[in-house]
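Novice: The structure under discussion is supplied below as structure tokens; questions concerning it will follow.
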Amino acid sequence: MRLRTIPTAVLALLPLTTCLFGQTAPQETPATPPPPTLSGTAAGAYDRRDALPYVNIYLPEGQASIRLRKLIRNVLFESQIDYRFVNGDISTFLRYKYYARNFTYRLGVFDTIGFPDVGSSSKQEFERVRGGLLLVEVPRDYNNRYFWLLQDDRLTFGDLTHPDNRKNNIYTKFGYQFGTQFDERMNAIVGETRGRIVPVLTAFRELGPQKFGLAAAITESAKVATGDYHYTKLESEALRRFDITGTSFLVSRLHGGVFLTRGLAENTTPTTPAISLYTIPQYEMFKMGGRDALKGVGDRADSEGTHEAHVTNEYFVPVFRNRDYRTMALHWNTLYGIGYVGAGSVGYDYRALTKSENLVVDAGLGGEASIAVRDFEVLLSVVYAHTLHAPDNLKGSKVRFSIRTVR
């Protein structure tokens, strides 16, 4: 059996996590954990979520992410770079997180530049968002947390005539989360939406003490100070694991969102696209397609809206677990087969969600493996998904491929 020691930064985080909830940190040195597996339990969890660095590669989108962390006493410094080498998008993040006894707070700054029109010869087709945020987390206990976020986004565009050019989105958010505090999808709802590590059909996700997770948040953007937008956004997500047999299990995810209020944009015409009718930045719209939504639908503007709901189901069946199959320098530890099916709808009012012609249903097959390469744990995920029912503009197939390394 291959054994691994806990990284020093991880050992430092353990008493901090305990201290957050008013408990006495353990004094003895933890035993060496068993090798990480994709069993859906907490085995080896500390290695995965706090090891550094994180390296992620997503294909065929052509996206890479590198995250570096450094813990000094009760302060965590973090830097991150995301690069989409297909069209040149790049994002940088710097974060400072302070761990107090009964709360944490995070100060962050970011700079994101994207080129939405792939293949365009114009150098003016870019969108840039720069800003900063303050995120406060107040845990009631290990599984229940409250969040408050204050953020300012500055938008600029290569097209100087763009109606949102040189505008600020100032907003505050109040959120509640049940389940593990290390779940990046849930954290994106209640806190910072950018710069997260995007999970893909991840069998080892911690889903809370009852194999259940929940997050809900309400966001209010107002025309205060230099703010230029006005909307009220409500978003929630529930996640549940069902054990079908002793080794296979189903992970179901239900997501929904709505804009309770939304200001009307100025100078609109009957031909103005629906996505531009409101004082809502496009990046705030709900996305029904993408890597962590409906897998067979691309992450594109016509799969976005102000009203959205979708459900995904991922069934994991082990091919082998906790083994050591060797292929040259590769040590194959765990392999799961995956069956996937999802359904959802998106639009700009409640009625759009109930129309059968707007319903999207997709399904697919894939696999996920844990591989050891020297001191690195490599998590490999591949899934092919195809739309079974969808509007003509959303029909198609996607191959989602990702590599995540943990050391």
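The values are calculated or read from the model by the stated rules, or taken from the named source; none is laboratory data. Here the structure is a predicted model, which is why all the values come from computation and not from measurement. Because the Cβ atoms are built from the backbone with ideal geometry, glycine has one as well, and the counts that use them run over all protein chains shown.
Novice: Please determine, by comparing only the residues of segment 389-407 that are closer than 16 Å to ALA363 by Cα and without any contact (Cβ under 8 Å) to a residue 60 or more places away in the chain, which one is surrounded by the fewest Cβ atoms within 10 Å (Cβ to Cβ).
Specialist: Once the filter is applied, the top-ranked residue is HIS389.
Novice: Exactly one condition in (1) more than 27 Å from GLN282 (Cα to Cα); (2) in contact with a Gly (Cβ under 9 Å, 6 or more places away or on another chain); (3) free of Cβ contacts under 8 Å to residues at least 40 places away in the same chain; (4) of a type outside the set (A, V, I, L, M) is false for GLU314; which is it?
Specialist: Of the numbered conditions (1) more than 27 Å from GLN282 (Cα to Cα); (2) in contact with a Gly (Cβ under 9 Å, 6 or more places away or on another chain); (3) free of Cβ contacts under 8 Å to residues at least 40 places away in the same chain; (4) of a type outside the set (A, V, I, L, M), the odd one out for GLU314 is (3).
Novice: Identify the residue in segment 34-87 that is of a type in the set (Gly, Ala, Ser) and at pLDDT 85 or above and, among all such residues, is farthest from GLY132 (Cα to Cα).
Specialist: Among those residues, the one meeting the criterion is ALA64.
Novice: Collect the residues in segment 62-94 that are surrounded by 19 or more Cβ atoms within 10 Å (Cβ to Cβ), in contact (Cβ under 8 Å) with a residue 60 or more places away in the chain and among the charged types (D, E, K, R), keeping them in residue-number order.
Specialist: ARG67, ASP82
Novice: Taking the criterion of being in a strand (DSSP E or B) and touching a helix residue (DSSP H, G or I) at 6+ places or on another chain (Cβ under 6 Å), would at least one residue in segment 269-278 satisfy it?
Specialist: No, that holds for no residue.
Novice: Could you tell me which residue of segment 349-388 is nearest to GLY296 (Cα to Cα), considering only residues that are surrounded by fewer than 18 Cβ atoms within 10 Å (Cβ to Cβ) and among the small types (Gly, Ala, Ser)?
Specialist: ALA363
Novice: Let me ask something else. Which ones in segment 158-195 are farther than 26 Å from THR279 by Cβ and under 8 Å from the mean Cα position of the chain (by Cα)?
Specialist: Answer for segment 158-195, where residues must be farther than 26 Å from THR279 by Cβ and under 8 Å from the mean Cα position of the chain (by Cα): GLU184, ARG185, MET186, ASN187.
Novice: Return yes or no: is LEU214 surrounded by fewer than 21 Cβ atoms within 10 Å (Cβ to Cβ) and under 26 Å from ASP111 (Cβ atoms)?
Specialist: For LEU214, the condition - surrounded by fewer than 21 Cβ atoms within 10 Å (Cβ to Cβ) and under 26 Å from ASP111 (Cβ atoms) - is not met.
Novice: So if I check each of VAL129, VAL109, which one is closer than 23 Å to ARG300 by Cβ and in contact with a Leu (Cβ under 6 Å, 6 or more places away or on another chain)?
Specialist: VAL129
Quick grid of which residues meet (1) in contact (Cβ under 8 Å) with a residue 12 or more places away in the chain; (2) hydrophobic (A, V, I, L, M, F, W, C); (3) in contact with a Pro (Cβ under 7 Å, 6 or more places away or on another chain):
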{"position": "TYR96", "(1), (2), (3)": "yes, no, no"}
{"position": "THR104", "(1), (2), (3)": "yes, no, no"}
{"position": "LEU107", "(1), (2), (3)": "yes, yes, no"}
{"position": "PHE110", "(1), (2), (3)": "yes, yes, no"}
{"position": "TYR142", "(1), (2), (3)": "yes, no, no"}
{"position": "LEU155", "(1), (2), (3)": "yes, yes, yes"}
{"position": "TYR171", "(1), (2), (3)": "yes, no, no"}
{"position": "ARG185", "(1), (2), (3)": "yes, no, yes"}
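Novice: If you don't mind, another one. Where in segment 289-407 are there strands (runs of 3 or more DSSP E), lying wholly inside it, with at least 3 residues that are closer than 22 Å to SER252 by Cα?
Specialist: Working: elements: 307-320, 325-327, 330-347, 360-373, 376-389, 397-406.
By residue number, 307-320, 330-347, 360-373, 376-389, 397-406.
Novice: TYR105 - would you say it is under 29 Å from LYS70 (Cα atoms), over 19 Å from the mean Cα position of the chain (by Cα) and buried (at least 17 other Cβ atoms within 10 Å of the Cβ)?
Specialist: In short, no.
Novice: Go through segment 255-294 and count every residue that is within 20 Å of VAL190 (Cα to Cα) and surrounded by fewer than 16 Cβ atoms within 10 Å (Cβ to Cβ).
Specialist: Count: 3.
Novice: Something else about it: For segment 279-288, give me each residue that is touching a residue at least 24 places away in the same chain (Cβ under 8 Å) and in a loop (DSSP other than H, G, I, E, B).
Specialist: Scanning segment 279-288 gives THR279, ILE280, PRO281, MET288.
Novice: Residue pairs, Cβ under 8 Å, 6 or more apart or interchain, first in segment 240-258 and farther than 30 Å from GLU304 by Cα, second assigned to a loop (DSSP other than H, G, I, E, B). List them.
Specialist: Hits for this filter: ASP243/LYS211; THR247/ARG321; PHE249/GLY40.
Novice: Name the one entry in GLY88, GLY62 that is of a type outside the set (Phe, Trp, Tyr), on the phi > 0 side of the Ramachandran plot and touching a Lys or Arg at 6+ places or on another chain (Cβ under 8 Å).
Specialist: On the way: GLY88 fails: touching a Lys or Arg at 6+ places or on another chain (Cβ under 8 Å).
Every option except GLY62 fails the conditions.
Novice: Is it true that HIS307 is touching a helix residue (DSSP H, G or I) at 6+ places or on another chain (Cβ under 8 Å) and surrounded by 15 or more Cβ atoms within 10 Å (Cβ to Cβ)? So that I can check it myself, show each step before the final result.
Specialist: Working: touching a helix residue (DSSP H, G or I) at 6+ places or on another chain (Cβ under 8 Å): yes; surrounded by 15 or more Cβ atoms within 10 Å (Cβ to Cβ): yes.
Yes, satisfied.
Novice: Of everything in segment 128-141, what is farther than 21 Å from ILE113 by Cα, surrounded by 15 or more Cβ atoms within 10 Å (Cβ to Cβ) and not aliphatic (A, V, I, L, M)? Give them in sequence order.
Specialist: Answer for segment 128-141, where residues must be farther than 21 Å from ILE113 by Cα, surrounded by 15 or more Cβ atoms within 10 Å (Cβ to Cβ) and not aliphatic (A, V, I, L, M): GLU137, PRO139.
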